[in-house]
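Trainee: Structure incoming, see below.
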Amino acid sequence: MIKTISLAALAIGASVCFPDTAKAAILNGGFEEGFQSWKTVGDYRIETSAFGIKPSQGKSQAFLSTAYQELLGFDNNSNPIIGGNAAPVTFISGFAEEESLEGFLGFSTFLGDESLYDLATAEPIEGSAIKQTFKGSTGQKLSFSWNFLTNEAVEQAAVNDFTYPDFNDFAFVSLQSDSGTQFFNLADTISKFSDSASVFNKETGLQTFSYILPASGEYTLGIGVVDVGDGTRISALVVDEVAVVPETTPTLGILLFGTLATITGLKGRKKNPGLLS
């Protein structure tokens, strides 16, 4: 019995011998420690459920917006509240290159790289992003929850009033590795929306992004939101629960359980010779 329990303990502790399946690749993916382990650019902050959107896990979530010195509302004395610190998409005079979205994420339209211009339906102006570099293994799943919010016209209304495609704000993912940079469009103004309980008019609701890593190596994950056309209407992105985990593969558990069952079975045969064939 004691030997059987010891083997079971060995199975439970096997992750120590297989660090790739036990160690988290993304640090502080739930933003419970603010933006620790993340790099940031633009207009960003941590929000809780008081914002009107409940985090998918824990108490915190990352908030990114396209606001840059724009009217955010009015105070109790009817004075305008101006705020926002979104970064320009490309390098412009007065900003360091790394203060632009493209410089921050590590690619350049001027150098002919694939860029945010390839996702945009019109001129991308400004936005915000976060990034983190991690080591991943072939077959692991990168995932996070997100919610795109906007004050732009959306869906058919955006088409009817001609704000699409010229003012088609969007949220995106960039993923860099030795093989190059990939871009993914999370949502834009013609995605499916519902009324928002936050300060924004519309939101996509909680969605999940997932991607299976095709190779082992170092990756840089970028997540952001971009204003297209002009900055008079703000859009934002809420992000939470960023993680890189193994796909659900029971192989290791099956092998360990099989070993345990075989050894226990052999012990039983020694005690009961009649079981031997």
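The values are calculated or read from the model by the stated rules, or taken from the named source; none is laboratory data. This structure is a prediction, so every number in the text was calculated from the model and none was measured. Glycine gets a Cβ as well: all are built from the backbone with ideal geometry, and neighbour counts include every protein chain shown. Heavy atoms of the whole protein, side chains included, go into the accessibility calculation; ligands, DNA and RNA do not. Shrake-Rupley method; radii C 1.70, N 1.55, O 1.52, S 1.80 Å.
Trainee: Net charge within 14 Å of residue 35 by Cβ-Cβ distance, Lys/Arg positive one each and Asp/Glu negative one each, not counting residue 35 itself?
Mentor: Computed value for this residue: -2.
Trainee: Would you mind getting me the FRET efficiency between residue 76 and residue 183? Use the beta-carbon distance for r and R0 = 45 Å, nearest 0.05.
Mentor: Computed FRET efficiency for residue 76 and residue 183: 0.55.
Trainee: Of all the accessible heavy-atom surface of region 146-227, with the other protein chains kept in place and a 1.4 Å probe, what percent is carbon and sulfur?
Mentor: 49 percent
Trainee: Please state the shape class of region 118-211: rounded when a/c is under 1.5, otherwise prolate if a/b exceeds b/c and oblate if not, all from the C-alpha gyration tensor. Mind showing how you got there, number by number?
Mentor: On the way: a/c = 2.54, a/b = 1.71, b/c = 1.48.
Prolate, since a/c reaches 1.5 and a/b exceeds b/c.
Trainee: How large is ³J(HN,Hα), in whole Hz, for each residue of region 118-123 in order, when computed from phi with the Karplus curve 6.51 cos²θ - 1.76 cosθ + 1.60 and θ = phi - 60°, using x for Gly and Pro?
Mentor: Going residue by residue, I get 6, 8, 6, 8, 8, 5 Hz, with x marking Gly and Pro.
Trainee: Quick one: what are the phi-derived ³J(HN,Hα) couplings along region 149-161, Karplus 6.51/-1.76/1.60 with θ = phi - 60°, whole Hz, x for glycine and proline?
Mentor: 10, 7, 9, 6, 5, 10, 6, 5, 4, 5, 6, 5, 9
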